[in-house]
Amino acid sequence: MIGYGANRGIVPISSEEIFNRISLNDNPNLTYEVTVSMLEIYNERIQDLLIPTDSRPTGGLRVRESKIVGVFVEGLTKHPVSSYAEVEQMMDIGNTNRSIGSTKMNATSSRAHTIFTIELR
């Protein structure tokens, strides 16, 4: 998903392409808003990785469904970004806040599912 060094993942590649294409816009009446969010599912709980650990609600966040917006995570923060560097900074913050549990195969295994969302309007 994220990748490192020469093995960049889909998130860095697509983020860079989004901002490259936005920079080509020469229409002053056309504006773009890009936001990101990052969550993890660990021990059947959903946590927002872009807020401090001590600010997270006990019990985690809840998945909801609305006729207007569809399925969403209630209380998940969305952060505006204006460059790939800011996206990368958000990914670094989220990765720092991930749950880590060692396994026999990997001492820094996450054992969690992480979702990084990029929203373009």
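For the reader, a short list of remarks on this structure follows.
- Around the amide H of R98, modelled in the peptide plane, lies no amide H under 5 Å away from a residue 5 or more places distant or on another chain.
- Global geometry of the stretch 30-94, whether rounded, prolate or oblate, following the gyration tensor of its Cα atoms and the 1.5 cut on a/c: oblate
- Whole-Hz Karplus values for the stretch 93-99 come out as 4, x, 5, 5, 8, 5, 7 Hz, taken residue by residue from phi with 6.51 cos²θ - 1.76 cosθ + 1.60 and θ = phi - 60°; glycine and proline positions read x.
- Carbon + sulfur, % of accessible area of the chain - ligands and nucleic acids excluded, 1.4 Å: 51
- C-alpha long axis of helix 10-23 to longest principal axis of the chain, angle in °: 20
- Here the simple spin-label model places points 7 Å from the Cα toward Cβ, and for R8 and R64 these points are separated by 3.6 nm.
- Derived scalar couplings ³J(HN,Hα) [the stretch 79-87; Karplus, 6.51 cos²θ - 1.76 cosθ + 1.60; whole Hz; x for Gly, Pro]: 10, x, 10, 10, 7, 5, 4, 5, 4
- For the stretch 55-70, backbone phi angles converted through the Karplus equation (6.51, -1.76, 1.60; θ = phi - 60°) give residue-by-residue couplings of 9, 6, x, 5, x, x, 8, 10, 7, 10, 9, 10, 5, 7, 9, x Hz, Gly and Pro being listed as x.
- Most fluctuating residue given options G60, G70, G94, as computed from a GNM of the chain linking Cα atoms under 10 Å: G70
- Cα-based shape type of the chain, given that a ≥ b ≥ c are square roots of the gyration tensor eigenvalues and the cut on a/c is 1.5: oblate
- Per residue, the average separation of C-alpha pairs within less than 8 Å and at least 6 apart gives the chain a relative contact order of 32 percent.
- Per residue solvent-accessible surface (Å²) - the chain, probe of 1.4 Å: 70
- In terms of the mean number of neighbouring beta-carbon atoms within 10 Å, the peptides 39-47, 26-34 order highest first as 39-47, 26-34.
The values are calculated or read from the model by the stated rules, or taken from the named source; none is laboratory data. It should be emphasised that the depicted structure is a prediction, and the values quoted were computed from it without experimental measurement. Cβ: placed from backbone, ideal geometry, glycine included. Neighbour counts: every protein chain shown. Accessible surface areas use protein heavy atoms only, side chains included; no ligands, DNA or RNA. Shrake-Rupley method; radii C 1.70, N 1.55, O 1.52, S 1.80 Å.
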